[in-house]
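To keep things clear, I will list the structure first and then write my remarks on it.
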Amino acid sequence: MLQDTWLYINTHWDLIGKLSLQHLQIIAIGNGIGVVVGVTVGILISGQGRESIADIVLYLSEIMMTIPSMALFGLLMPILAGLALPSIGYLPAIIALVAYGLLPILRNTYTGLGEVDPAMIEAGRGMGMSNRQILFKVKLPLAVPVIMAGLRNAIVLNIGIAAIAVVIGAGGLGVPIFRGIRNFRPDLILTGAIFVSILAVAVDTLLGQVEKWITPKGVKIGREE
Amino acid sequence: MIKLENVTKIYPDGTRAVNNLSLEINKGEICVLLGPSGCGKTTTMKMINRLIPITSGKIYINGEDNTKIDENELRRNIGYAIQQIGLFPHMTVEQNIMTVPVLKGWPENKRKKRAKELLELVGLDPAIYSNKYPAELSGGQMQRVGVARALGADPEILLMDEPFGAIDPITRGRLQDEFLKIQEEIKKTIVFVTHDLNEAMKMGDKIALLKDGRLVQYDTPANLLYKPKNDFVRNFVGADRALQGLRLLKVKEVMSTSPPVVKVNDDLAVAKKRIEEEKIPWLMVVDNENRFLGWINKPDLATCRQGEKVEKVVIPPTTTAFPETFLNEALSLMLSSAIGNLAIVDNKGRLKGVLTFDILREVIGKSYVGERSK
C-alpha cells in the first residue's frame, strides 16, 4: 500500500501541486476574511459594558463550531441557491471556512484584549489617549501574540475542514481522498492525507515565523525572561 | 494652581469615597495626599485629571473648572505617573517618554530632543537607554523612565500615585532624593499620593492627611508632627515622632561650629593639652587650609613620644556629612562610624562643624522644631 502511494505521488506531482495550491487558496481567502471579521467583531465586543453581548457572540460561534462540516455544506447549498448565488464551488467552501475559523480568532482577540494589564490602559488614559488611541497604540500591539495563536489554531483546523469542501466541488486535497474512498484506493486516500498534514505543518511553521515577526520586540523580551 | 472645592465622590454602590473635601495646592509645591488605604487619596487625585468623574463640588486648575476642559486635552497637560509604573512594554524607553508629545502632535525632532533632555534629567544616558525596552531595565530605571514620561510634554502639574511604591527601600530612598533634586530645578506643582508616612514627610511641602474620605489635617510636615489636630493625626504620625522630627532638620541647624581642632603638623603635646582643656576624649585634625583629615583618640596619645607630630596618630574618617544633610541620615551615618561623631565638611572638604550624640540627644529631648528649609 505504501509502495502504491509512493508510486502514485511520484507519477502525479503536477496534480498534487495543483490541488495543494487550490487548497491553500481556499484557506488563504477563507481565513483572510475570517481574520478581518474575527478581529473586528472581537474588538467590538470587548468594550466596557459589552460583556453580555460578548457572551452571546462567543456562544453563537461556539455553536457554529459544533455543526458537522458536512451538514454545514449541505445547509449552505439551498441557502445560497435561494439567494441566487453559486451553491457549489469556492463560495460555500469559503463561507464555511470563515465560519469555522471565526471562533478561535474571535475568542483569542476578545481574550487578548481583555488580558491587557489594566495599569497599561490607565496609563494611556491618564496621559490623554482617546479610546481609539488606547486600542491601536496599547491594547492591540499587546494582544498580538494571543490573536496570532488564535489565527494559527483557526488555519490548522481549516486545512482539515477544507479537505471536506471537495464534496461541494471546491477542489483541493480532498479530491484524491474522496476519489480513493469511492474507488477503494487507499493509495489515493493516503496521498491526500499526507499532503494535508504536510500543508498544515508547513503553514503553522510559517505562521509561527510571522508571529515572531509582528510581535512587538519589547513584548518578546518580556516573555523570554 | 489646583483648587478643590467641596469635592465629593460617591461610587455607584453608594460608597462615599471622598467627602466634601476642600484643598488648595500652591504653584511649585509638592502636596502629599496621605492616609490609610481606602481613605480616598487616590480617588481624590484621579478626580483632578478626571480619570474618576466627580459627584459634586468643583476642581479648578489655574482657575478653570476642570470639567469645562476636554478630558483628553486636560490629561495631556497634566503629567501622570502611576503605581505599577505602567510603562508600555511594546515601546522603547524613548517612545514611552514621547507618548504625550506624540499625542500633542509635536514634530519629531522636538520630541526626540525632549526625550533626550528628560533621560539626562533623570540620570539615564540617552545613548544607552533610548532604544531599550522596559523589560531590559531594572525596577529603579523603570521608575526613572516613568517620571521622565510624566514630564514628557513639560506639564505644569504632575500627579504621582505611589510612584516609588514597588521598589526596594534603598533604591526608593535614592529615587526620592533624586526626584527632590529634580523638583528644585523644574518646580512643578505636584500631587503625590502615598500611604507611607516616611515618604510623605520627606517629599511633601504640605501633607493632606485623609481619613474615610475627609480631610483631617492639611499642613506642613512639621506641624503635622508637632501640632497634630486630633488623636487620629497623633496616632498616625506615631510614637516615633522624635525620630521623625530628625527628618525635618538639617545638620547645619544643630551642629557645633567650633569643634576642638588641631593642625596635622602640630606637636602631639599640643593635642594632649587640647584634650585636657576640652575634657573630651577626641580631637579633630585639619590641614593648613582647614580641610578635615581625621580624628585623634585620647588613648592613642598615651604611648606617643616627645617631638612626634599629630600626623602619627590621626585616624582617617570613615564618613563625613554636609551641612545640608538631614539629621535622620546623619544619625545613621554616625551609627556606622567608629568614633560615633560626625565631621561636617563642605564640598571642598573644609571642616564646618561636628555633630555628636550629645547634640542629637538634646535635639530629640527638646523635640525642637526649626523652620523647615527644604
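Before moving on, here are some points about what is shown:
- Qualifying residue in region A:114-121 (condition: surrounded by fewer than 23 Cβ atoms within 10 Å (Cβ to Cβ) and in contact (Cβ under 8 Å) with a residue 60 or more places away in the chain): yes
- Residues in region B:3-35 that are touching a strand residue (DSSP E or B) at 6+ places or on another chain (Cβ under 7 Å) and in a loop (DSSP other than H, G, I, E, B): B:Y11, B:K27, B:G28, B:E29, B:G35.
- Meets criteria (assigned to a helix (DSSP H, G or I) and in contact (Cβ under 8 Å) with a residue 24 or more places away in the chain) for A:V166: no
- Selection status of A:M120, part of a helix (DSSP H, G or I) and either at pLDDT 95 or above or at the interface with chain B (Cβ under 10 Å from one of its Cβ atoms) (or both): yes
- Residue check for B:N265: in a loop (DSSP other than H, G, I, E, B) and touching a residue at least 40 places away in the same chain (Cβ under 8 Å): yes
- Residue, nearest to the chain's Cα centre (by Cα), within region B:110-132, restricted to residues that are among the small types (G, A, S) and either over 21 Å from B:I170 (Cα atoms) or in a helix (DSSP H, G or I) (or both): B:A115
- The residue of region B:33-82 that is surrounded by the fewest Cβ atoms within 10 Å (Cβ to Cβ), among those that are under 28 Å from the mean Cα position of the chain (by Cα) and among the small types (G, A, S), is B:S37.
- Cβ-Cβ contacts under 9 Å between residues 6 or more apart (or on different chains), taken from a first residue in region B:307-331 that is in the same structural domain as B:P281 (by TED's automatic domain parsing) to a second residue that is of a type in the set (F, W, Y) and at pLDDT 85 or above, are listed as B:V314/B:W295; B:I315/B:W295; B:P316/B:W295; B:P317/B:F292; B:P317/B:W295; B:T320/B:F292.
- Of the numbered criteria (1) assigned by TED's automatic domain parsing to the domain that holds B:V216; (2) in contact with a Pro (Cβ under 7 Å, 6 or more places away or on another chain); (3) crowded, with 17+ Cβ neighbours inside 10 Å, the one B:G294 fails is (1).
- Within region B:138-177, restricting attention to residues that are within 11 Å of another protein chain (Cβ to nearest Cβ) and assigned to a helix (DSSP H, G or I), the residue that is nearest to B:I78 (Cα to Cα) is B:A150.
- Residue count for region B:304-359, restricted to those that are β-branched (V, I, T), more than 21 Å from the chain's Cα centre (by Cα) and assigned to a loop (DSSP other than H, G, I, E, B): 5.
- A:T11 being over 16 Å from the mean Cα position of the chain (by Cα), hydroxyl-bearing (S, T, Y) and exposed (fewer than 13 other Cβ atoms within 10 Å of the Cβ): yes
- Summed over region B:51-81, residues that are more than 10 Å from chain A (Cβ to nearest Cβ) and either assigned to a helix (DSSP H, G or I) or under 18 Å from A:E122 (Cβ atoms) (or both) total 6.
- Test: B:R214 is out of contact with any Cys (no Cβ under 6 Å at 6 or more places or on another chain), modelled with pLDDT under 90, over 16 Å from B:Q83 (Cα atoms) and surrounded by fewer than 23 Cβ atoms within 10 Å (Cβ to Cβ): no
- Flag for A:L190 being more than 25 Å from A:T5 (Cα to Cα), of a type in the set (A, V, I, L, M, F, W, C) and part of a helix (DSSP H, G or I): no
- B:I48 vs. criteria touching a residue at least 24 places away in the same chain (Cβ under 8 Å), closer than 25 Å to A:N131 by Cα and more than 14 Å from chain A (Cβ to nearest Cβ): no
- Residues in region B:243-264 that are within 21 Å of B:T320 (Cβ to Cβ) and not hydrophobic (A, V, I, L, M, F, W, C): B:R247, B:K250, B:K252, B:E253, B:S256, B:T257, B:S258, B:P259, B:P260, B:K263.
- Summed over region B:110-125, residues that are farther than 28 Å from A:L140 by Cβ and in contact (Cβ under 8 Å) with a residue 12 or more places away in the chain total 5.
- Of the residues making up region B:130-153, just one is hydroxyl-bearing (S, T, Y) and surrounded by 21 or more Cβ atoms within 10 Å (Cβ to Cβ), namely B:Y133.
- Look at (1) polar (S, T, N, Q); (2) out of contact with any helix residue (DSSP H, G or I) (no Cβ under 6 Å at 6 or more places or on another chain); (3) more than 30 Å from A:M77 (Cβ to Cβ) and you find that A:T215 fails only one, number (2).
- Filtered residues of region B:82-109 (kept if more than 10 Å from chain A (Cβ to nearest Cβ), touching a residue at least 24 places away in the same chain (Cβ under 8 Å), not in a loop (DSSP other than H, G, I, E, B) and not acidic (D, E)): B:I97, B:P101
- Hey, B:A135 within 24 Å of A:P216 (Cα to Cα), more than 13 Å from chain A (Cβ to nearest Cβ), more than 23 Å from the chain's Cα centre (by Cα) and not in a loop (DSSP other than H, G, I, E, B) or not: no
- Any chance A:Y100 is in a helix (DSSP H, G or I), crowded, with 19+ Cβ neighbours inside 10 Å and not charged (D, E, K, R): yes
- Filter pass, B:T257 being free of Cβ contacts under 8 Å to residues at least 24 places away in the same chain, surrounded by fewer than 14 Cβ atoms within 10 Å (Cβ to Cβ) and either touching a Phe, Trp or Tyr at 6+ places or on another chain (Cβ under 6 Å) or not aromatic (F, W, Y) (or both): no
- Answer residue from region A:27-55, given it is of a type outside the set (G, A, S) and more than 22 Å from A:A143 (Cα to Cα) and is surrounded by the fewest Cβ atoms within 10 Å (Cβ to Cβ) among those: A:I29
- B:E156 meets each of the listed conditions (1) more than 24 Å from A:L140 (Cβ to Cβ); (2) crowded, with 21+ Cβ neighbours inside 10 Å apart from (2).
The values are calculated or read from the model by the stated rules, or taken from the named source; none is laboratory data. Note that the structure is a prediction, hence the values are computed from the model and not measured. Neighbour counts run over all protein chains shown; Cβ positions are idealised from the backbone, glycine included.
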